[in-house]
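Nothing in this text is a laboratory measurement; each read-out follows from the coordinates by a stated rule. The shown structure was predicted, so the numbers you read here are calculated from the model rather than taken from an experiment. We place every Cβ from the backbone using ideal geometry, glycine too, and count neighbours over all the protein chains shown.
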Amino acid sequence: MAKLECPKCGSLLDVTGLRPGVILTCQCGNVAVVPQRSWGLPLRGLVAALGLVLLCPCVGVLAAIAIPNYNKLTVRSKQRECKTNLRAFFIAQRSHYAEHDAYAPGLVQAGFLPEKGNRYAYFTAVGPVAPRDTRDAEVGADAVGLGVDRSWDDRIRPVLLEDLPAWVTQQLGVSGTCPDCQLTMACAANIDVDDTLDIWLISTRELTDAEGTRVPPGVPVNVVNDVED
């Protein structure tokens, strides 16, 4: 049975078998005309159906915009950990230099130890890297690097010194003879599903980022970008 909704009072008018163009009078006194095709749906149902059809592509477009933006926000949050810790590491090393005219050879001597749960590995030179694969893992006095904290999830990919590109490794540590020396440190992590690492450096000298822009001393610089634009 085909129905037509009265646009004035909302009552359903029976239009079964009536040809298009036939005029009907509702009990409320309003005049309605049988449309070209009713498809057996009340007018409100037809409008709702059309609205749903029009809405679906919009939802798809919104999702296509929102999901990548959400992923980027998640990645940026992880990168903030790296940049914050590198700045703290830099300040600790500069304080050590001010007192000893030399940079600390390791994490313990520098007084730098990120909170547990770190998603980035940290490197101050080429040498022993203290793993964080267990909750009670300790950092040895000779450690010049700190591994990703995998104690809460061993599925997280570890980042080793040999995973870094050679040109990054060559910059790590002290260059020159102190007190006339410079220090460069790094953090690295795999923050998405590909094999590329996200690598940042901080140095007492000027550096260049992945796009060739000069970055002043003491500012974290992204030299390998693991974030897709």
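Packing-based ranking of 119-125, 166-172 yields 119-125, 166-172, ordered from highest to lowest mean Cβ neighbour count within 10 Å. Sorting the Cα pairs of the stretch 55-224 by distance into bins of 5 Å, from 0 upward, gives 1, 8, 16, 20, 19, 13, 8, 5, 3, 2, 1, 1, 0, 0 percent per bin. Across the stretch 104-229, C-alpha contacts under 8 Å between residues 6 or more apart give a mean separation that, scaled by the residue count, equals a relative contact order of 19 percent. Selection among Ala189, Thr213, Val139 by position relative to the dipole of the stretch 55-224 gives Thr213 as farthest towards the positive end (Cβ unit charges, Cα centre).
Decide, for the stretch 113-209, between rounded, prolate and oblate: order the square roots of the alpha carbon gyration tensor eigenvalues as a ≥ b ≥ c, take rounded if a/c falls under 1.5, and otherwise choose prolate if a/b is larger than b/c, else oblate.
oblate
Sorted by packing (mean other beta-carbon atoms within 10 Å per residue), highest first, where do 103-110, 149-156 land? Intermediate results must be reported in sequence, preceding the final value.
Working: 103-110: 20.9, 149-156: 12.8.
Top to bottom by mean Cβ count within 10 Å: 103-110, 149-156.
Annotation: amide H-H contacts under 5 Å for Leu13 (H modelled 1.01 Å from N, sequence separation of 5 or more, or interchain): Leu4, Glu5, Cys6.
Each peptide in 173-180, 195-202, 220-227 was scored by the mean count of other Cβ atoms within 10 Å over its residues; highest first, the order is 195-202, 220-227, 173-180. FRET efficiency for the pair Asp192 and Ser95, taken as 1/(1 + (r/R0)^6) with r the Cβ-Cβ distance and R0 = 25 Å, rounds to 0.10.
Cut-off 20 Å, label point 7 angstrom out along Cα-to-Cβ of Thr84: give me the residues of the stretch 177-201 whose amide nitrogen falls inside. Flagged as within label range: 186-192, 198-201. Placing dummy labels 7 Å off each Cα toward the beta-carbon, the span from Gln170 to Cys9 is 8.9 nm.
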